[in-house]
Each structure stands twice: as structure tokens, then as C-alpha cells.
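Let me begin by presenting the structure, written as C-alpha cells, before commenting on it.
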Amino acid sequence: MSAYESKLPRVLLTNDDGIDAPGLAVLEAVAAELAHEVWVVAPEHDQSGTSHSISLHSPLRVSRQGERRFGVSGTPGDCVVMGVRHLMRETPPSLVLSGVNRGANLGIETMFSGTVGAAMTGLLLGLPSFALSQTFRDRERVRWDTARTLAPGVIRQLLAIEHAAPTCLNINFPDVDAADARPLTLTRQGVGLVEGIDVQAEMDPRGIPYHWLRFQRGAHANDPDSETAAIAAGRVSVTPLAFDRTDDATFKRLAASLR
């Protein structure tokens with residue numbers, strides 16, 4: 001029996017949709033199949049769009065919400081740090097799982113995602129970390145059963161692969177029934193669907209203006225090996241992520257000019 005056919009000692013779960021989000025409940029059920037101990041350290045409120053942010057200028061408050069279950073008044077990144085470096089300091093996790101996010105994290109959008117940001121924070125702390133997201137077309141009919149059914153096998157499959165160092169993997173489940181999902185596919189980040197960010201101006205009942213920021217999305221030409229193309233084909237995508245975002249093409253142009 002391989003190390004990952006048996007259960008892990010303990011895993012740390014977090015998300016960016018908040019501790020009461022349905023996707024986190026799905027992830028808790030998944031993690032129960034994978035580990036002897038499941039620890040939840042998640043934001044008390046929705047922290048979508050906070051990326052890798054951590055709170056350096058405000059204190060964090062932690063509320064115990066059950067056995068090995070804690071809410072944090074901060075970002076997903078804060079939650080991972082609090083879990084690994086404080087709450088689980090004496091018995092650190094073997095794996096960090098972030099999600100299951102309501103909606104895909106594809107392409108450029110991964111730069112803003114708190115789900116992915118939490119996993120990247122786990123990587124920074126030296127732990128293998130996976131971000132998991134469930135794609136949907138209808139927000140009121142998210143196919144949580146797809147992630148719930150497929151995630152345990154996907155996670156075991158990825159953990160069984162030897163790595164020279166801890167990795168961060170971005171996993172997206174397609175908006176199809178689990179039985180119809182096509183195999184796990186190694187992908188590149190690609191462009192995704194984000195076209196830009198818009199500002200929607202509104203007026204409250206007292207006549208005071210307020211503003212919402214929102215992503216503008218649309219069809220883009222994504223390469224066949226991109227996560228967006230894989231999801232569109234009904235596949236489960238997995239993309240390895242790293243901190244180095246150097247633009248090699250621009251680097252070469254600048255190098256030629258700045259010699």
C-alpha cells in the first residue's frame with residue numbers, strides 16, 4: 001500500500017467564500033476520506049478577490065466554531081498562516097486544501113483568487129497545497145456533487161506523484177455530472193476568460209454614491225493545453241503554479257536593450 005492509499009495524518013482546509021460556504025462543507029467531506037484529522041481555519045466572511053493578501057496592519061481574531069474548526073477575521077492567506085504557524089504549530093498538516101470555490105479559477109483570474117492565494121500561501125510555508133474550484137453556468141445550480149465525487153481520487157492521484165519540492169496545484173472541476181467528466185488533464189494557466197475590471201456606480205437610499213468592482217469576462221483564444229480549454233471539453237484540469245511571474249519575452253527584449 002502506497003503512502004497515499006492510506007490516510008494522511010492531518011490536513012488543513014480553508015477557502016475564500018467563508019466558513020459557512022457550501023463548497024467548504026464539500027471539501028470537509030472530501031478531506032474526511034483522506035486524513036485522520038481535518039482542521040478547518042477559514043474566513044468568517046466572504047474574502048473572494050483577496051488573492052495572496054495577508055493582514056499586516058490590523059489584528060486578527062480567531063473564533064472556535066467546533067472541534068478543530070476555527071473562523072478568522074482575515075483573508076484566506078491569514079487563515080493558512082494562523083493554521084500552520086499558530087493553531088497547528090505543534091502538529092503541522094501534511095497538506096493544505098483550499099476551496100471548493102463556487103466558480104472556476106481559470107487563467108488571469110487565478111491572480112486575484114483568494115482560493116488560489118491561500119494555496120500559494122501554503123506553498124510559501126513549505127507545504128503541498130491544492131486549490132479546488134467547481135465550475136458552474138447557473139449560480140443557483142452548482143454541481144457540488146461533481147467535486148465531491150471526483151476530488152478524493154484526483155487528490156490521491158496527484159499526491160502519489162513524487163515531487164522534488166512542495167507544489168501548488170490549481171484544480172478545476174467541469175460543469176458536468178461526475179459520471180460524464182473526462183479524465184484529469186495536465187494544463188497550463190492560459191489567458192482564461194477575464195477581459196478587464198469594470199466599475200458599477202450606484203446610489204444608496206440616502207443619496208450617497210457607492211461603487212461595485214466586477215470582472216468583465218468574454219471568450220478568448222486559449223491554447224488547447226490551457227485549463228480553460230480543458231474545462232470547456234468537460235475535463236478536470238490541474239495546473240502547477242509558481243511564484244515567479246517573470247515575462248520571459250519582455251525580459252529578453254529588455255536584456256538586449258540594456259546591455
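For the chain, a crude dipole built from +1 on the beta carbon of Lys and Arg and -1 on the beta carbon of Asp and Glu, taken about the Cα centre, is about 420 debye to the nearest 20. For segment 49-147, just say rounded, prolate or oblate: build the C-alpha gyration tensor, square-root its eigenvalues into a ≥ b ≥ c, call rounded for a/c under 1.5, and beyond that prolate if a/b exceeds b/c, oblate if not. The shape class here is prolate.
Packing, as the average of other Cβ atoms within 10 Å across residues, places the peptides 223-235, 124-136, 60-72, 242-254 in the order 124-136, 223-235, 60-72, 242-254, highest first. Along the Cα-to-C-beta direction of residue 137, a point sits 7 Å from the Cα; which residues of segment 163-183 have their amide N less than 18 Å from that point? Residues 173-182 qualify, since their backbone N sits under 18 Å from the label point. Distance between the modelled labels on residue 255 and residue 89, one decimal in nanometres: 4.4 nm (7 Å Cα→Cβ projection). Charge dipole (Cα centre; +1 on Lys/Arg Cβ, -1 on Asp/Glu Cβ; no other charges) of segment 3-141 amounts to roughly 200 debye. Database remark: amide H of residue 35 closer than 5 angstrom to the amide H of 8 (H placed geometrically; neighbours at sequence offset of 5 or more, or on other chains; Pro and chain starts carry no H). By the beta-carbon count within 10 Å of each Cβ, the least crowded to most crowded order of 33, 90, 109, fewest first, is 90, 33, 109. Here each label is just a point 7 Å from Cα along the line to Cβ, and for residue 223 and residue 36 those points are 4.3 nm apart. Counting only DSSP beta bridges whose two residues both lie in the chain, roughly 40 percent are antiparallel. A Cβ-based charge dipole, computed about the Cα centre of segment 104-223 with Lys and Arg at +1 and Asp and Glu at -1, lands at about 180 debye. Positive contributions from Lys and Arg (+1) and negative ones from Asp and Glu (-1), summed over other residues with Cβ under 14 Å from the Cβ of residue 122, come out at 0. Take every DSSP beta bridge whose two residues both sit in segment 120-259; close to 55 percent of them are antiparallel.
Bear in mind these aren't lab numbers, they're just calculated from the coordinates by the rules spelled out. Only a predicted model underlies this, so the values are computations on that prediction, with no experimental measurement involved. Virtual Cβ from ideal backbone geometry, glycine too; neighbours counted across all protein chains shown.
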